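Structure record follows, encoded as structure tokens.
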Amino acid sequence: MPHADMSHWQRLYRQADFEHVSARSVAELNERAQLSRSAEHPHLFRDLPEGVDVETGVPIRDGVTAEIYRPAEREFALPVFLHIHGGGWFTGSARVERRWCMNIAKAGFVVVNIDYRLAPENPFPAGLEDCVFASRWITANIARYGGDPTRLSVGGGSAGANLAALTALVLHGDDQGLDGGELAGTPVTFRAVLLLFGVLDVHRWVSEPGYYAGDVEIMMQAYLGPNFTGKLRHPLVSPIEHPSLAELPPTYISVGAEDAFLGQCFAFAEALSGRDVPVTVSVVANADHEFHKIPEFVPNAAGENRRIIEWLAAHV
């Protein structure tokens, strides 16, 4: 059953006592984000997998970089996974997702872990534009890192899952007028989409009880601006509203049984299945938000991470 606020999963994730208090303004939210980005969670950087090369600060476009991981044995034509971090569109980083992404690389992938632009300094649709641009950048550049751009998948967690779903929808269907930059028109095909506890139906998030009331509205203001209510069903904000749902490739949705986004994940899976998109839903018992990054503290997380990697490998 989902928890009433973020305190439960934040305690697990931080491995520290934590009582969540909602931010009262976008400015306060931004202050917290700055502190969060500078905070260290040492357990996220322990036991990094061996045999994986890490390149940080890879330039993608102005103001946007990525970390790239690949097996140390220099194989070529490996499948590629574009990873998009979570954080409510206003915080998070590639760095704190490094260990999880390195485990995917160890399984035989080239992983591009993007640091897209964040709100409120760079509101909607800046982050989505960066993710779409990165997909096209991969098509043009990943071969020199040993990757095969024809064997590409995309995924992310929470707000990163939102951006991952929308990136695939834009590139497989209707771009809704999104600015493609200098790589506009470069074709990209994803073979698979991975959505971890995603923000997939934003209007549902705001309107249903128990969905972090108070926090959601401030996050939406930071990302969408003060008149955010009119954008909640925008097809580039809420993936479930996008007209190209039927164009998505096979999709894996993973969510904890205690996660507040459980209902959204089921709703999105139903929407995909109604359009004949192959969809797999995995509900992980006794797991809450961000469980996949802390398998040492969530007993069922390690098994789910193995299933995710096996599913990705089978589809690329």
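Any read-out appearing in this document is the output of simple, stated calculations on the displayed coordinates, not a laboratory observation. A quick note: this is a predicted structure, and the numbers were derived from the prediction, not measured. Neighbour counts are summed over all protein chains in view; Cβ atoms, including those assigned to glycine, are modelled from backbone coordinates with ideal geometry.
Label the chain by shape, choosing from rounded, prolate and oblate, from the square roots a ≥ b ≥ c of the eigenvalues of the Cα gyration tensor; if a/c is under 1.5 it is rounded, and otherwise prolate applies when a/b is larger than b/c, oblate when it is not. Taking the square roots of the gyration eigenvalues as a ≥ b ≥ c, the chain is rounded.
Summing charges over neighbours of Ala285, with a neighbour being any other residue whose Cβ is under 13 Å away from its Cβ, gives -4 when K and R count +1 and D and E count -1. Within the shell defined by Cβ-Cβ distances under 14 Å, the residues around Ser22 carry a net charge of -4, with Lys and Arg each +1 and Asp and Glu each -1.
Scalar couplings 3J(HN,Hα) for the range 90-95, obtained by applying the Karplus form with A = 6.51, B = -1.76, C = 1.60 to θ = phi - 60°, are 10, 8, x, 6, 4, 4 Hz; x denotes Gly and Pro.
Between the listed residues Leu163, Gln34, Ala143, the Cα displaced farthest toward the positive end of the dipole of the range 7-315, a dipole computed from Cβ unit charges relative to the Cα centre, is found at Ala143. Between Glu19 and Asp179, the C-beta separation translates, for a Förster distance of 41 Å, into a calculated FRET efficiency of about 0.50.
The amide H of Leu78, built 1.01 Å from its N in the peptide plane, has Gly147, Asp148 as neighbours under 5 Å, considering only residues 5 or more places off or on other chains.
Each residue of the range 191-200 is assigned a 3J(HN,Hα), and the resulting list reads 8, 7, 10, 10, 10, 9, 5, x, 7, 10 Hz, derived from the Karplus form 6.51 cos²θ - 1.76 cosθ + 1.60 (θ = phi - 60°), x at Gly and Pro. Near Val132: Cβ cut-off under 14 Å, other residues only, Lys/Arg at +1 and Asp/Glu at -1. The net charge is -3. Per DSSP H run of at least 4 residues, take -39500 (n - 2.57); add these up for the chain, divide by its residues and hand me the 222 nm value, nearest 500 deg cm²/dmol. Computed mean residue ellipticity for the chain: -10000 deg cm²/dmol. Note on Arg306 and Leu35: the extension gain reaches 94.3 nm, defined as 0.36 nm multiplied by sequence separation minus the Cα-Cα distance.
Contact order for the chain, expressed relative to its length and based on alpha carbon pairs under 8 Å spaced 6+ residues apart, stands at 18 percent.
3J(HN,Hα) along the range 150-163: 7, 10, 10, 10, 9, x, x, x, 6, 5, x, 5, 4, 5 Hz, from the Karplus curve 6.51 cos²θ - 1.76 cosθ + 1.60 with θ = phi - 60°, whole Hz, x for Gly and Pro.
Exposure proxy ranking for Val202, Val255, based on other Cβ atoms within 10 angstrom of each Cβ and starting from the fewest, stands as Val202, Val255.
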